[in-house]
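Engineer: My questions all concern the structure below.
The values are calculated or read from the model by the stated rules, or taken from the named source; none is laboratory data. Treat the numbers as computed from the prediction; the structure is a model and nothing was measured. Heads up, the Cβs are rebuilt from the backbone with ideal geometry, glycines too, and the neighbour counts pull from every protein chain shown. Accessible surface areas use protein heavy atoms only, side chains included; no ligands, DNA or RNA. Shrake-Rupley method; radii C 1.70, N 1.55, O 1.52, S 1.80 Å.
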Amino acid sequence: MKIGQLRDGTRSWLDVEVTNLSILGRLAPRLQLVLTMRTPGERIKTLLKVMQVDLLWNNELLGTGMLLEEAFSQFDSPRGLELPVSRRLIQEVTDRTGQQSQIGFQVRFNGSAEVTWQPNEEDPGFVGGVLPDVPTTIQVNGGQNTMNFSVPRSDWFSKVVAGLGEVDYIPLELFVPRGVGDHAWRKTLGHLGSAEKAYALGDDPSVFNHLRGAWDALPGAKLSIFDALAEPKRGEVDTLAKSLAGYLHAGRHISEQGADPGGFPVDHIDAGFALNMMKVLLSYTARTLEAARAR
């Protein structure tokens, strides 16, 4: 997907898209950014003489690479850049990803290029002195040539984080059947969405608050959620659910002086654990209760 155009004033000289972002190396990690570029038409040739390419996230510079003497025509032409990056920066992006489905980045271009325009009789002239068939040097500045793109959260974990060799990333899909989407379930899923937002913002105690609200909103909470299940399964599942509810209740009581009596202060690891556990439990609850009613 095209993310922008390399421009000089009002003129466009290259269409730009990002086709891959991954990691290379473990001791000295580099982000590999693959750009596919082409000129807007067959009568334009663009040569990037010296071009600095910066990758940014949240106004932070993740890495910088260079394109030197790279020529482009109307045909797709991918170029890979290796951008040295630190593990700390990778961890910062990961910690602030939360449950967002996409992670936003920017590519910024600064440098010089040589362009050649070969018009036909119908082409209007360029304002600013780019003469037909004459290679012309232009300057590319980051203010006009900063382009936004996004990467799926799952790709960030599988192509970048897991590539560092410190973790294995296993994507988890959860389903809530539509048949149980009554008012109580819609309210529960609303609390779950608020918890995901709080996690993305780093508000970890609020994650616990919203998750407890999600559980309390379920039909039959707090004592009769699993009444449709047969014993002994009902008792075992009820005990498991109550354990998670107790964990959420203890972790949400935070004051400026620390945890209230019987509670504990939570961090981002706790919040991520609680969020994933609740999603699994909610999905299981919806599906097993629907199956029990269908029998």
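Engineer: For Ala198, indicate whether it is surrounded by fewer than 16 Cβ atoms within 10 Å (Cβ to Cβ), at pLDDT below 85 and small (Gly, Ala, Ser).
Structural biologist: In short, no.
Engineer: While we're on this one: Does Leu24 fit the bill of being touching a helix residue (DSSP H, G or I) at 6+ places or on another chain (Cβ under 9 Å), closer than 26 Å to Leu89 by Cα and not hydroxyl-bearing (Ser, Thr, Tyr)?
Structural biologist: Here the answer is yes, as Leu24 does meet what is asked.
Engineer: Here's another thing I want to ask about it. Taking the stretch 155-195 as the search range and keeping residues that are of a type in the set (Phe, Trp, Tyr) and assigned to a helix (DSSP H, G or I), which one is modelled with the lowest pLDDT?
Structural biologist: Out of the qualifying residues, it is Trp185.
Engineer: May I ask you to say which residue of Pro152, Pro132 is at pLDDT below 85 and open to solvent by 30 Å² or more (accessible area, probe 1.4 Å)?
Structural biologist: None of the other options fit; the residue is Pro132.
Engineer: Oh, and also: Sort out which residues of the stretch 201-215 are surrounded by fewer than 16 Cβ atoms within 10 Å (Cβ to Cβ) and part of a helix (DSSP H, G or I), and write them in order of number.
Structural biologist: Answer for the stretch 201-215, where residues must be surrounded by fewer than 16 Cβ atoms within 10 Å (Cβ to Cβ) and part of a helix (DSSP H, G or I): there is none.
Engineer: Further, regarding this structure: Report yes if some residue within the stretch 1-13 is among the hydrophobic types (A, V, I, L, M, F, W, C), modelled with pLDDT of 95 or more, within 16 Å of Phe109 (Cβ to Cβ) and part of a strand (DSSP E or B); otherwise report no.
Structural biologist: no
Engineer: Of the conditions (1) among the aromatic types (Phe, Trp, Tyr); (2) within 30 Å of Leu192 (Cβ to Cβ); (3) open to solvent by 70 Å² or more (accessible area, probe 1.4 Å), Trp57 clears all except one; give me its number.
Structural biologist: That leaves (3) as the condition not met.
Engineer: Note down all Cβ pairs under 6 Å where the first residue falls in the stretch 201-221 and is free of Cβ contacts under 8 Å to residues at least 40 places away in the same chain, the second is surrounded by 23 or more Cβ atoms within 10 Å (Cβ to Cβ) and in a helix (DSSP H, G or I), and they're at least six residues apart or on different chains.
Structural biologist: Sorted first by the residue in the stretch 201-221, then by its partner, the pairs are His210/Ala195; Ala217/Thr188.
Engineer: Considering only residues that are of a type outside the set (Gly, Ala, Ser), without any contact (Cβ under 8 Å) to a residue 60 or more places away in the chain and over 25 Å from Gln74 (Cβ atoms), look in the stretch 6-51 and name the one that is surrounded by the most Cβ atoms within 10 Å (Cβ to Cβ).
Structural biologist: That would be Gln32.
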